[in-house]
Amino acid sequence: MKAGLEPKHRQVYQALSREIQSGRLKRGDRLPSEAELVRTFGASRITVGRAVRDLQAQGLVERRAGSGTYVAGQNARNHALLWGSVSGDGVSREERAWQLCRQYIERRVAGVFFAPLEFTSPGDDINHRIAQAFDDARIPLVLLDRDVTPYPRRGHHDLVGIDNRRAGFVITAHVLNRLPMGSRRVAFVAQANAAATVDAREAGYREALYAADVLIDRALIRRLDPSDAGSVQQLMESARPDAIVCANDQTAGRLMQTLIKFGYDVPKDVRLVGIDDVEFAALLPVPLTTLRQPSRQIGDAALGAMLERVSRRGLVARDILLDVELIVRESCGAHQGC
């Protein structure tokens, strides 16, 4: 399989899923036979069968003995999507999120996708309040990116996102592999009061150091404002990192700007990497090496989880964690020949 390509059964699954979600295949429509799907996708019967079983597991199709496979009664055609944002209109993010929560409950929506707020006020339980309100209203909740319950406890809602611990490991291992054996002081930088995903990425960073037999130095792990000159200067002068793994691209971009102001050359003096591959990552003064989140696939998985949750309320809570793709650019020293 070529790097970056989905397994064949996932390609078949996603193609059929799009047909159902778009309404081209409607409720009660019979899917083509396995033989027809084999010809259409140029895949084996085993591959097609696995894709159809995945559709069934997501509640998108149902099999009828002796008859075939049909689009299930619950699909995206039966629902409209409402979009709410917590930015703007002069009120706090927490207050705006709570207002949206109450509005959705009053409208008796069928389900809610919720990305818990980051950087909330100390002691504010807004994410828990929102989750509890939807629970009390018996409205299914699918969490995006992160849980509302701190690790190692597990909440009772479905969660769809990337494997953040693995992401931290992969990006740190990449940096370590590019550094000379005698220069492997790798820092981890994140902002204070960040989401639990940052803790998972830090855990992956630590595991990568351990796997590479590199000493884990607590002085190299910092929670700071990447735009604060004093904090960044103190990190560089006291910890002397050869490379910095940032918890996300936003932190990496701001940190890069601060380092450049101090006269540091990225990647000659210090290598820098992030996670997420946001739109500006390739447009920074030094294009950023990062990990790309599979946004479309996350959306597909979240929609499938919601449709199944709406139709089958008794399912146990699930973590649906997708893989990431390494995007190599100049900031990690990729073009230095080392």
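General remarks:
- Of every Cα-Cα pair in region 209-338, the percent that sits beyond 19 Å: 58
- The chain, relative contact order [Cα under 8 Å, separation at least 6], %: 16
- Relative contact order (percent, whole number), region 8-77, Cα cutoff 8 Å, 6+ residue spacing: 44
- Inter-label distance for R218 and Y264, nm, one decimal - labels placed 7 Å from Cα along Cα-to-Cβ: 2.2
- Computed across region 8-77, the Kirkwood hydrodynamic radius from all distinct Cα-Cα pairs reaches 11.8 Å.
- Relative to the dominant Cα principal axis of the chain, helix 45-57 is inclined by about 90°.
- Antiparallel bridges, percent of DSSP beta bridges restricted to the chain (to nearest 5): 25
- Volume of the convex hull of the chain (Cα atoms only), normalised per residue: 169 Å³.
- Take every Cα pair under 8 Å whose residues are at least 6 apart in sequence, average their separation, divide by the length of region 137-210, and the relative contact order is 38 percent.
- Taking the Cα centre of the chain as origin and assigning +1 to Lys and Arg Cβ atoms and -1 to Asp and Glu Cβ atoms, the resulting dipole is close to 1240 debye.
- MRE, 222 nm, helices only [DSSP H, n ≥ 4, -39500 (n - 2.57), over the chain, to nearest 500]: -12500 deg cm²/dmol
- At full extension, A110 and L322 could sit 73.8 nm farther apart than now, given 0.36 nm per residue minus the alpha carbon distance.
- Angle in degrees between helix 126-136 and the longest Cα principal axis of the chain, rounded to the nearest 10: 10
- A Förster radius of 41 Å combined with the Cβ-Cβ distance from Y151 to R39 puts the calculated FRET efficiency at roughly 0.30.
- Between the beta carbons of Q233 and D135, assuming R0 = 56 Å, the FRET efficiency works out to 0.75 to the nearest 0.05.
- Of V142, L16, G111, farthest towards positive along the dipole that unit charges on Lys, Arg, Asp, Glu beta carbons give the chain: L16
- Against the chain, whose longest principal axis comes from its Cα atoms, helix 93-106 is set at around 10 degrees.
- Among S183, S227, S67: highest mean-square fluctuation, GNM of the chain, C-alpha pairs under 10 Å: S67
- Per-residue packing, averaged as other Cβ atoms within 10 Å, sorts the ranges 291-304, 248-261 into the order 248-261, 291-304, beginning with the highest.
FYI, it's all coordinate maths here, none of it is from the lab. These numbers were taken from a predicted model, which means no experiment stands behind them. Ideal geometry is used to build each Cβ from the backbone, glycine not excepted, and the neighbour counts take in all protein chains shown.
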